[in-house]
Amino acid sequence: MPRGPSRTQGPPDQMARGGRRDDGCMALEDFVELKLGHHTQDGIEVVDVEGEIDVYTAPRLRELLIDLVNKNNYNLVVNMERVEFLDSTGLGVLVGGLKRVRAYDGSLDLVCTQERILKIFRITGLTKVFGIHDTVDEAIAARKAEK
C-alpha cells in the first residue's frame with residue numbers, strides 16, 4: 001500500500017533553500033544535530049562531540065577525523081560524553097578513524113560513561129578494540145603511560 005510523502009519530501013514549490021520546507025513542516029535533518037569541536041591537550045588532539053552520531057551526521061565526524069589525521073594528528077581522543085545517540089554508521093566512522101591513525105602507529109581512544117552508548121560497544125565487541133575511559137584526562141594519561 002503506498003504511503004504518503006516522507007517528512008523530508010514535498011512538492012518542489014514547498015522546498016526552500018537548505019532543504020527546509022516553506023510549508024511550516026520541518027525536515028528530518030532539522031531535528032538531527034551534531035556539534036563538533038577539537039583542541040589540543042598535552043600533545044593529544046581531543047575531539048568533542050555533542051548530539052547524535054548517525055547516518056545523517058556521521059559524515060561530518062568522518063571529515064573532521066580525516067582532516068586531523070591529514071594534519072599529522074595521530075593520537076586522538078574522542079570525547080563522547082555528550083553524545084545522545086550512536087548508530088552503526090557512527091560506529092563505522094569511529095572504526096575507520098581508528099584504522100586511519102593506526103596506519104601511522106597512532107591511537108584513537110574514547111571517553112564515554114553513558115551506559116546506553118557503552119552497551120553498543122560491548123555488544124559489538126568494540127570494547128576490545130578501543131580504549132574507553134571515564135574522562136579526557138584519564139584517556140590522555142593512559143595514552144601517555146603507553147609511550
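The values are calculated or read from the model by the stated rules, or taken from the named source; none is laboratory data. Computed from a predicted structure; not experimentally measured. Positions of Cβ are backbone-derived with ideal geometry, glycine not excepted, and every protein chain shown enters the neighbour counts.
If you go through the stretch 69-90, how many residues are closer than 18 Å to His38 by Cα and in contact with a helix residue (DSSP H, G or I) (Cβ under 9 Å, 6 or more places away or on another chain)?
The number of residues fulfilling the criteria is 12.
Looking at (1) in contact with a helix residue (DSSP H, G or I) (Cβ under 6 Å, 6 or more places away or on another chain); (2) in a strand (DSSP E or B); (3) surrounded by fewer than 16 Cβ atoms within 10 Å (Cβ to Cβ), which is the only condition Thr127 fails?
With respect to (1) in contact with a helix residue (DSSP H, G or I) (Cβ under 6 Å, 6 or more places away or on another chain); (2) in a strand (DSSP E or B); (3) surrounded by fewer than 16 Cβ atoms within 10 Å (Cβ to Cβ), Thr127 is out only on (2).
Scan the stretch 66-80 for residues that are more than 10 Å from Leu108 (Cα to Cα) and either among the hydrophobic types (A, V, I, L, M, F, W, C) or surrounded by fewer than 16 Cβ atoms within 10 Å (Cβ to Cβ) (or both) and jot them down.
Ile66, Asp67, Leu68, Val69, Asn70, Lys71, Asn72, Met80
For the stretch 107-121, enumerate the residues that are exposed (fewer than 13 other Cβ atoms within 10 Å of the Cβ) and in a helix (DSSP H, G or I).
Listed by number, the residues that qualify are Glu115, Arg116, Lys119.
Any idea which of Leu76, Leu61, Leu36 is aliphatic (A, V, I, L, M), touching a residue at least 12 places away in the same chain (Cβ under 8 Å) and assigned to a helix (DSSP H, G or I)?
When all the criteria are applied, what remains is Leu61.
Return yes or no: is Leu98 over 15 Å from Gly43 (Cβ atoms), in contact with a Phe, Trp or Tyr (Cβ under 6 Å, 6 or more places away or on another chain) and not in a loop (DSSP other than H, G, I, E, B)?
No.
Quick check on the stretch 93-114. Is at least one of its residues under 16 Å from Ile53 (Cα atoms), in contact with a Cys (Cβ under 8 Å, 6 or more places away or on another chain) and not aliphatic (A, V, I, L, M)?
no
Which residue, of Glu115, Glu81, Glu33, is under 30 Å from Glu138 (Cα atoms) and modelled with pLDDT under 95?
Glu33
Look at Val93 and say whether it is in contact (Cβ under 8 Å) with a residue 60 or more places away in the chain and in contact with a helix residue (DSSP H, G or I) (Cβ under 6 Å, 6 or more places away or on another chain).
no
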